[in-house]
Structure formats: structure tokens, C-alpha cells
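Asks: Sharing a structure with you now.
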Amino acid sequence: MSPRKHPTLDEVSKTIIELLQEDGRRSYSDIGRVVGLSEAAVRQRVQRLTESGIMQIVAVTDPMQLGFHRQAMIGIRVSGDARRVAEAVAEIEAIDYVVITVGSFDVLAEVVCEDDEDLLALINDVIRPIDGVLSTETFIYAKLQKQLYNWGTR
């Protein structure tokens, strides 16, 4: 396996990313003033960063205020190829985060559901029947203490 190449970002692109991490609604003209580029040049850079998959600009919502009163992390133990199970789990609409791990669980999936009944149906009727799923363990969120998206750039 060859090492993956990471795109090289110049300092201007890194600064644009960091400014948008602070405030995703910041105007291109405001960003341009900080980095010394025109509004059009910033717009082009942002478009390249988003099209390449380096960056996304999204609205982060509070699930509780939108009627989703149950959030949980589900640890999934797998028999066989964890990547195949992770791909199947990632297709489930109620799941917003999937990661393959090398610890006690092979796959972790974060879910957002309306209530416990929806969570139970998701686990029993959708996740457990996936070929390769051996077992699941659910960690229900009592309180979201911290969630940030501004980890910056290197």
C-alpha cells in the first residue's frame, strides 16, 4: 500500500478555511480583505476547496430543536470485512457519522432519531440484519457537552 498524498494548501487557502470555520457565513469580500485577494478570487478558491472535498460549508443544527430527541453512538462488531458493513451502515438516512475502528468495535455509527422507539427500530430492523453484523452496543447521549468544527489547518 502506498502512502496517500494529501493536497498541499498554501497559507491563503488555509486562512480562508480557518475564517470559514469561525463563521461559515463570512462574506467573500470580508475574507478577501483579510487574505489580500479579490472577492472573485476568494469565491474561486472556496469553490475549488469544496469541489475537491477538502472543505464543506453546511448549516449545523441542534437536533433537539428539530424534534430529534434521541442521539446515540452505536458500536458494531463485525464478522468479515468491516468496510463492507460500514458502507451499508453509511447508506442509512438516520446515521450521520460512520467510522471504521481498530478497537473493541469494528464500526462506530452516530444516529439521530426522534425517540427511543425509532432508535430501537433502527437497531433491530435495519442495522442488525446487515450481513456481517455480529453485535451492537448502544451509547445513548445524555448531554452533548462539546462539539466543535474549528480544528484549523496544518
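The values are calculated or read from the model by the stated rules, or taken from the named source; none is laboratory data. None of the values given here were measured: they were computed from a predicted structure. Every residue, glycine as well, gets a Cβ built from its backbone with ideal geometry; the counts of neighbours run over all protein chains shown. Ligands, DNA and RNA are stripped out before the accessible areas are found, and what is left, the full protein with its side chains, is counted by its heavy atoms. Shrake-Rupley method; radii C 1.70, N 1.55, O 1.52, S 1.80 Å.
Asks: Could you give the nm distance between label points at Asp81 and Asp125, where each point is 7 Å from its Cα heading toward the beta carbon?
Replies: Using points 7 Å along Cα→Cβ, the separation is 2.9 nm.
Asks: Let me ask another. Carbon and sulfur together cover what percent of the accessible area of the stretch 59-123 at a 1.4 Å probe radius?
Replies: Values: 1920 of 3790 Å².
Ligands and nucleic acids excluded, carbon and sulfur reach 51 percent.
Asks: Next question. Which listed residue (Tyr28, Ala40, Val12) has the Cα farthest towards the positive end of the charge dipole for the stretch 11-52, taking +1 on Lys and Arg C-beta and -1 on Asp and Glu C-beta about the Cα centre?
Replies: Of the listed residues, the answer is Ala40.
Asks: Express the relative contact order of the chain as a whole percentage, based on alpha carbon pairs under 8 Å and six or more residues apart in sequence.
Replies: On the way: 184 pairs, mean separation 38.6, N = 154.
Here the relative contact order equals 25 percent.
Asks: Let me see the pair-distance distribution of the chain: every alpha carbon pair, 10 Å bin width, integer percents in order.
Replies: Taking every Cα pair in the chain, the percentages come to 9, 30, 26, 24, 11, 1.
Asks: Express in whole angstrom the spacing between the alpha-carbon centres of the stretch 95-154 and the stretch 53-88.
Replies: 6 Å
Asks: Another question, if that's okay. Ignoring any ligand, DNA or RNA, what whole percent of the accessible area of the stretch 11-52 comes from carbon and sulfur when the probe is 1.4 angstrom?
Replies: Values: 1080 of 2540 Å².
About 42 percent, which is the carbon plus sulfur part of the accessible surface.
Asks: Sort 52-64, 14-26 by packing, meaning the average of other beta carbons within 10 Å per residue, with the highest value first. Mind showing how you got there, number by number?
Replies: Working: 52-64: 10.5, 14-26: 15.4.
The most tightly packed comes first, giving 14-26, 52-64.
Asks: Under 19 Å from the 7 Å Cα→Cβ point of Asp96, by amide nitrogen: which residues of the stretch 108-141?
Replies: The answer is 108-123, 138-141, whose backbone nitrogens lie closer than 19 Å to the label point.
Asks: Turning to a different aspect of this structure: Please give me the summed charge of the neighbours of Gly80: other residues whose Cβ is under 12 Å from its Cβ, Lys and Arg +1, Asp and Glu -1. Kindly include the intermediate steps, with their values, before the conclusion.
Replies: Working: positive: Arg77, Arg83, Arg84; negative: Asp81, Asp106, Asp131.
Residues near Gly80 contribute 0 overall.
Asks: Working from the alpha-carbon coordinates of the stretch 63-140, get Rg over Rh, Rh being the Kirkwood radius. Mind showing how you got there, number by number?
Replies: On the way: Rg = 11.8 Å, Rh = 12.4 Å.
For the stretch 63-140, the value is 0.96.
Asks: Using the heavy atoms of the protein chains and a 1.4 angstrom probe, tell me the accessible area per residue for the chain in square angstrom. Before the final figure, lay out the partial values.
Replies: Values: 10830 Å² over 154 residues.
Per residue, the chain has an accessible area of 70 Å².
Asks: Run the dipole for the stretch 63-140 about the Cα centre, Lys and Arg Cβ at +1, Asp and Glu Cβ at -1, nothing else charged, and hand back the magnitude in debye, nearest 20. Display every interim value, and only then the final one.
Replies: Values: 5 positive and 15 negative charges, 70 e Å.
For this selection, approximately 340 debye.
Asks: Further question: Output needed for the stretch 11-52: three equivalent-ellipsoid semi-axes, defined as square roots of 5 times the C-alpha gyration tensor eigenvalues, in descending order, whole Å. Show your work: numbers first, answer last.
Replies: Values: eigenvalues 33, 28, 18 Å².
Output for the stretch 11-52: semi-axes of 13, 12, 10 Å.
Asks: Any idea what the relative contact order of the stretch 11-52 is, in percent, if you count C-alpha pairs under 8 Å spaced at least 6 apart? Don't skip to the end; give the middle numbers.
Replies: On the way: 23 pairs, mean separation 14.1, N = 42.
It comes to 34 percent, rounded to a whole number.
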